[in-house]
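Chemist: Provided herewith is a single structure, encoded as C-alpha cells, for subsequent inquiry.
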Amino acid sequence: MKFLARFKKIMEPLSIVLIVFGIFSLCQPFTYFLYHYGFAFLGIGTGLYILFSHIPPLEELNQGGEV
C-alpha cells in the first residue's frame, strides 16, 4: 500500500494536468487533432484523479492510524 501512496504523489498532479490539457484541447481553435483527442485526455485524467484520490496519503499510512 505504501507503493501506491508514493505513486499517488506523482499521478494525482499528472491527472490534473491531463484534465486541464483535455479542456484546453476541446476549446482551442488551432488543430483538429487536439480537438479530436481532447475528450479522451479529459476522460483519462478524470478517471486517474478519481482512482488516486481514494488512496490515503503516505503520511497517514506512516502514522499507522486508521481514519
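The values are calculated or read from the model by the stated rules, or taken from the named source; none is laboratory data. Keep in mind the model is a prediction, meaning the values are calculated, not measured. Cβ placement follows ideal geometry from the backbone for every residue including glycine, while neighbour counts extend to all protein chains displayed.
Chemist: What pairs come up if the first residue lies in the range 41-67 and is at pLDDT below 75, the second is loosely packed, with under 10 Cβ neighbours inside 10 Å and in a loop (DSSP other than H, G, I, E, B), and their beta carbons are under 8 Å apart, counting only those six or more places apart or on different chains?
Modeler: Partner pairs satisfying both residue conditions: E60/V67; L61/M1.
Chemist: I'm checking my understanding of the structure. Among residues of the range 38-66 that are hydroxyl-bearing (S, T, Y) and surrounded by 14 or more Cβ atoms within 10 Å (Cβ to Cβ), which one is nearest to F3 (Cα to Cα)?
Modeler: Within the range 38-66, the subset hydroxyl-bearing (S, T, Y) is 46, 49, 53.
Next, from what is left, pick out any that are surrounded by 14 or more Cβ atoms within 10 Å (Cβ to Cβ): 46, 49.
Details: T46: 21, Y49: 17 Å.
The residue in question is Y49.
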